[in-house]
Every structure is written in C-alpha cells, then in structure tokens.
1. For the structure I just gave you, tell me whether residue 183 is farther than 29 Å from residue 108 by Cβ, more than 17 Å from the chain's Cα centre (by Cα) and at pLDDT 95 or above.
2. Looking only at the stretch 186-207, which residues are farther than 18 Å from residue 264 by Cβ and either of a type outside the set (Ser, Thr, Tyr) or in contact with an Asp or Glu (Cβ under 8 Å, 6 or more places away or on another chain) (or both)?
3. Quick check on the stretch 89-112. Is at least one of its residues modelled with pLDDT under 95, within 27 Å of residue 168 (Cβ to Cβ) and among the hydrophobic types (A, V, I, L, M, F, W, C)?
4. Consider the stretch 104-126. How many of its residues are part of a loop (DSSP other than H, G, I, E, B) and surrounded by fewer than 24 Cβ atoms within 10 Å (Cβ to Cβ)?
5. When residues of the stretch 61-91 are filtered for being open to solvent by 60 Å² or more (accessible area, probe 1.4 Å) and under 20 Å from residue 263 (Cα atoms), how many remain?
6. Quick one: which residue in 220, 278 is open to solvent by 70 Å² or more (accessible area, probe 1.4 Å) and at pLDDT 90 or above?
7. Taking the condition assigned to a strand (DSSP E or B) and surrounded by fewer than 20 Cβ atoms within 10 Å (Cβ to Cβ), does residue 141 pass?
8. Pull up the stretch 51-92, narrow it to residues that are charged (D, E, K, R) and in contact (Cβ under 8 Å) with a residue 24 or more places away in the chain, then point me to the one that is farthest from residue 220 (Cα to Cα).
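The values are calculated or read from the model by the stated rules, or taken from the named source; none is laboratory data. None of these values were measured; they are calculated from a predicted model. Because the Cβ atoms are built from the backbone with ideal geometry, glycine has one as well, and the counts that use them run over all protein chains shown. Quick note on the areas: whole protein, heavy atoms, side chains included, nothing else; ligands and nucleic acids left out. Shrake-Rupley method; radii C 1.70, N 1.55, O 1.52, S 1.80 Å.
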Amino acid sequence: MKNFEKSNHKVKRIAWVLLVLFLIPLALSACSSGKEETKAYTAIVSAMDNEVELLLGEAKIERVETIADTKYHIGTLCEQPVIITKAGIGKVRAASCVSAMFNNFPVSRVVFTGIAGGVRDDEQVLDQVIATKLVQHDYGTLTNEGFVWNSGDPGAGYNGGEYYECDEHLTALAYQAAVEVVGKDHVFQGTVATGDQFVASASYVKKLDEDYQALACEMEGASVAIVCRQYEKPFAVIRALSDKADGKAHKSYGNFGDTAAQNSSRIVLKILEALNNEATA
C-alpha cells in the first residue's frame with residue numbers, strides 16, 4: 001500500500017511538472033501577444049517599389065509578414081513603430097492591402113505616399129500635393145450620352161462618388177513636412193482624384209479640373225480613404241507630381257518618377273519625426 005502511495009505521489013509530481021512546462025510557453029506567448037497589441041503602428045503604404053525604397057532603407061525592419069502576395073515590413077522608423085508595404089497599382093489592390101493590414105495588425109493611422117499626375121496649369125513636375133479630400137473620378141454610369149459621375153446622393157442607390165476627407169492633423173503635419181522638403185511655393189493642398197487609369201490626356205485633365213477641382217490624379221488614394229473610413233482610422237495622402245497627366249505624361253514619368261517618389265518618402269520621414277516629437281513631448 002505504501003509503495004502504491006509513493007508511486008501515485010510520484011506520478012502526480014511528474015504530472016505537475018509537465019503541466020508547468022506546458023503552461024510557461026503559453027504564458028510567455030500571451031505576454032508577448034499583449035505587448036504586440038498595445039503597439040500602435042503607423043502604416044506607410046505605396047503602390048510601387050520606388051515609392052517605399054528609401055523608407056525601407058532607413059527603417060529598422062524586425063520582421064516581414066506575407067499576407068496573400070503582399071509583404072508587410074514591420075519595424076521602426078524615426079523611432080516610430082511602422083508597417084511599410086507596397087500594395088500594388090490600382091484601387092482593388094490598394095483597398096485589399098489596407099483591409100488585410102487592419103485585420104492583422106494594430107494600426108493607428110495610414111499615410112499613403114507616392115507619385116501622381118498634375119492637373120492644374122500652375123503646377124509643375126516635382127511639385128507636391130497634399131490631399132485634403134479624395135474622390136473617385138471614374139465612378140458612375142455609362143449612358144448613351146456618355147459617362148455620368150455619381151455624386152454620392154443616397155437616393156441614387158450608390159455610395160462611390162463621394163468626397164473622402166483626410167485627417168486634419170495628419171494633413172497639417174504632411175503640409176508642414178512638404179514645405180520643409182520642397183519649399184512652400186511647390187506645395188499644394190486640395191482634392192486628389194482617383195481612378196483605375198493612368199491619365200495621359202490633356203482633354204481629360206481639363207475635365208478633372210472643371211468637374212472636381214482636382215489638383216492631381218492617381219490610382220489608389222480614394223480606395224484607401226474608403227477603407228480607412230470604414231475602419232475609423234485617420235489617414236493622409238501625399239503625392240509628388242511625376243508628370244502633368246497630359247499627352248507627354250509617359251515621357252515625364254520616365255524621367256522624373258523616381259525623384260518624385262523619393263521626395264514623397266522624405267516627407268514621410270518628416271511626418272514620422274513630428275509624430276515622435278508629439279509622443280515624447
């Protein structure tokens with residue numbers, strides 16, 4: 001009987017040891033997960049490699065996670081926790097990328113950076129446009145009389161033609177950063193028009209100016225704005241002009257695209273420095 005009790009006691013001790021060894025990794029994992037959840041990332045999103053190349057070179061990347069075919073580079077930049085990712089070109093890829101990011105990481109804000117085509121006559125290549133609001137210029141109805149843009153009137157049964165307001169604070173930081181990088185005379189604020197086309201048409205540029213008072217046209221911003229609004233996340237969109245979206249747009253883009261993208265990246269660095277100063281003030 002005594003031998004049985006000793007054996008039973010020994011079994012219980014082994015069971016307790018095994019239970020503790022099993023629970024320790026779980027506890028450590030829970031602590032680690034908790035820390036991760038409290039870290040609020042600034043998401044920096046672009047459409048193309050050259051639009052984040054400089055930022056990735058400056059950042060301290062801790063790990064890279066892949067969701068579908070999109071890579072999310074996670075680390076710090078200007079002492080701020082960041083997620084840097086190239087979404088790909090066009091509204092669908094941009095919206096998909098940002099949605100996946102919100103569902104997998106604790107993101108506090110989004111800064112979309114990159115290049116665009118200028119719309120107005122007083123703008124020049126390499127000028128900077130800070131969006132105050134965005135609109136989908138290609139959302140509407142094709143009729144026998146031509147394309148009719150939908151204004152977002154709920155009675156029309158659509159919800160895609162609205163204007164999407166950028167976060168005021170982030171936009172103010174972006175404007176100040178742009179002035180520091182390229183000078184006040186080369187920075188514009190206003191509407192950015194989004195559509196799934198690379199615009200290289202003088203007549204369509206005129207229409208964007210007349211119909212939407214747009215300063216620039218590109219292919220992702222408004223879709224990112226829609227997703228950010230759905231998830232109630234603040235966002236900013238900054239665009240450097242690589243071309244004038246006219247008949248010479250392809251040639252200008254080839255000559256100035258990389259330089260314009262680097263200018264936008266430098267502005268992002270200034271924004272992160274400002275956010276870091278706010279956090280440590």
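1. Criteria met by residue 183.
2. 195, 196, 197, 199, 200, 201, 202, 205, 206, 207
3. no
4. Residues in the stretch 104-126 being part of a loop (DSSP other than H, G, I, E, B) and surrounded by fewer than 24 Cβ atoms within 10 Å (Cβ to Cβ): 9 in total.
5. Residues in the stretch 61-91 being open to solvent by 60 Å² or more (accessible area, probe 1.4 Å) and under 20 Å from residue 263 (Cα atoms): 2 in total.
6. 278
7. yes
8. 79
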